[in-house]
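Reviewing the structure listed below.
Any read-out appearing in this document is the output of simple, stated calculations on the displayed coordinates, not a laboratory observation. Small disclaimer: the values here were computed from a predicted structure and weren't measured.
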Amino acid sequence: MGLDLQLYRQFYKQAYNAEVADADLVREMARRFMDSDREFQTFKTRLAAANVRKVSKINSAKDVKTRPTLNGSGAVSS
């Protein structure tokens with residue numbers, strides 16, 4: 001793979017007249033690969049939705065604990 005990266009860097013320099021680091025190439029290739037993987041995108045969407053529900057549940061619990069309430073005399077208490 002190292003040789004292919006070197007060759008691709010040479011190609012990139014010729015095609016786009018710009019230098020590119022190996023790390024940048026690998027990062028971009030991995031990003032494009034993952035973006036095109038439908039099963040991974042479905043997994044990622046489900047995980048994000050589960051995290052939103054989890055955070056919402058935590059925030060709702062915090063709101064209940066900190067929400068001011070009226071005490072018996074009509075005054076607001078925490």
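For region 6-19, 3J(HN,Hα) computed residue by residue from phi via the Karplus equation (6.51, -1.76, 1.60; θ = phi - 60°) reads 4, 5, 5, 4, 5, 4, 4, 5, 5, 6, 10, 6, 8, 7 Hz, glycine and proline entered as x.
Taking only the Cα atoms of region 1-65, the radius of gyration and Dmax are 20.3, 62 Å.
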